[in-house]
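For reference, the structure discussed in these notes is given below.
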């Protein structure tokens, strides 16, 4: 099957798969660059968001 430009469906599918793999590899590389300090900041931020959500809860 070809589109108007003559590109086969298989070629388009292969490009999407390669692009997705590249994205996953990039994300993994970014995770490897994390430091203990950046992880702590992330935990602290999540805790603050959770505490904020609890104080806004209509259950009180």
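The values are calculated or read from the model by the stated rules, or taken from the named source; none is laboratory data. Note that the structure is a prediction, hence the values are computed from the model and not measured. Don't worry about glycine lacking a Cβ; one is built from the backbone with ideal geometry, like all the others, and counts go over all protein chains shown.
Here are the numbers:
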quantity	calculated
Pairs with Cβ under 9 Å, 6+ apart, first in the stretch 10-39 and surrounded by 10 or more Cβ atoms within 10 Å (Cβ to Cβ), second modelled with pLDDT of 75 or more	34/42
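To keep it simple, each residue is scored yes or no on (1) modelled with pLDDT of 75 or more; (2) over 26 Å from the mean Cα position of the chain (by Cα).
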| residue | (1), (2) |
| --- | --- |
| 11 | no, no |
| 19 | no, no |
| 34 | no, no |
| 41 | yes, no |
| 45 | yes, no |
| 52 | no, no |
| 60 | no, yes |
